[in-house]
Amino acid sequence: MKRNSLIIIGTVFSAITITSCFRDAKKPGLEYMPDMAHSVAVETYDESRNPDIYPDKMSARTPVKGTVPCAQGIIPFKNDDYSNETSYKPYHHPFSPEGEKASDEDKNPLEKTEINLAEGQRLFEIYCAPCHGKEGNADGTVTIANNHAFPMGAPFAYFTDANLALTEGHMFYITQYGRNSMGSYASQLNPNERWKVIMYVKKMQADYVAKNTTAAKDDKKKA
Ligand code: HEC
């Protein structure tokens, strides 16, 4: 008797073991703890399980009216204090020719200190130099790769007349929305960081102008 029941248990056990390996994708079988397999929280981009509330079944809702995107404004975090509520105002210029023009009025709200400039340079060399070049001559590694396949050349150097005339506010607008083949840097760098980078770009331009006016003066002296 004892032996028989052992055989029966053995047979049932092997039958389960063997058959559990065959899987019909359409019949997932028994779920012992469905809560473990199916999260109570809605999965990202899953259909909403509340068709009464959301007839369109979309679980990823647009934010409620008046929601302010974090770290999108132009007012920097004073002393990197992220609790300053004015930092959370959205960027106030729309992506339009009018918005671009209006951005000319914005001034760099950060103080021009050695520390800010050094941080601006550090960030510039990480985020901008690959295209704009370490010195701003539009000759970064990305730009010159594959025989200048990237559509960026000398006309985009920071030292053309048109680019020297760009205001800091306008440069901020460009980092906010991007421009042609340059993407937006709004998600990589917060407003504080972007103002520091722009401070550094302006310093490179000022150094260039200073150097070339002395060179021009020297030329005049020689003539
Ligand atoms: C992927 C390459 C790339 C990177 C990285 C990049 N840019 Fe640009 N940037 C461009 C290109 C290309 C243009 C010219 C766009 C046009 O006018 O067609 C440009 C234009 C600009 C201009 C307008 C003046 C000019 O040179 O034509 C500014 C200012 C600028 N970028 C700032 C920045 C800053 C600041 C960063 C770093 C946060 C940055 N860019 C990173 C590709 C890049």
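Please compute the Kirkwood hydrodynamic radius over segment 98-180, one decimal place, Å, based on all pairs of different Cα atoms.
13.9 Å
Could you tell me what percent of the accessible area of segment 1-61 is made up of carbon and sulfur, with a 1.4 Å probe and every protein chain present?
Here carbon and sulfur together make up 63 percent of the probe-accessible area.
Among 103-112, 205-214, 54-63, 191-200, how do they line up by average Cβ neighbours within 10 Å per residue, starting with the highest?
Per-residue Cβ counts within 10 Å, averaged per peptide and sorted highest first, yield 191-200, 103-112, 205-214, 54-63.
Can you tell me how much longer the chain between residue 57 and residue 146 gets when fully stretched, taken as 0.36 nm per residue apart minus their C-alpha distance, in nm with one decimal?
This chain segment gains 27.4 nm when fully extended.
With the other protein chains left in place, how much accessible area per residue, in square angstrom, belongs to segment 78-222 at a 1.4 angstrom probe?
61 Å²
Mind checking Rg over Rh on segment 156-209, alpha carbons, Kirkwood formula for Rh?
0.96
For segment 78-222, which whole-number percentage of the solvent-accessible area (1.4 Å probe, protein heavy atoms only) is attributable to carbon and sulfur atoms?
With neighbouring chains kept in place, the figure for segment 78-222 is 55 percent.
Mind pulling the per residue volume of the convex hull built on the Cα atoms of segment 1-61? Å³ is fine.
Hull volume over Cα atoms, normalised by residue count, gives 134 Å³.
If you wrap segment 78-222's Cα atoms in a convex hull and average its projection over all directions, what's the area in nm²?
One quarter of the hull surface, i.e. the mean projection, equals 10.4 nm².
The values are calculated or read from the model by the stated rules, or taken from the named source; none is laboratory data. Computed from a prediction, not measured in an experiment: that's the story for all the values here. In this analysis, Cβ positions are derived from the backbone assuming ideal geometry, glycine residues included, and neighbour counts consider all displayed protein chains. Surface accessibility is based on the protein's heavy atoms, side chains included, excluding ligands, DNA and RNA. Shrake-Rupley method; radii C 1.70, N 1.55, O 1.52, S 1.80 Å.
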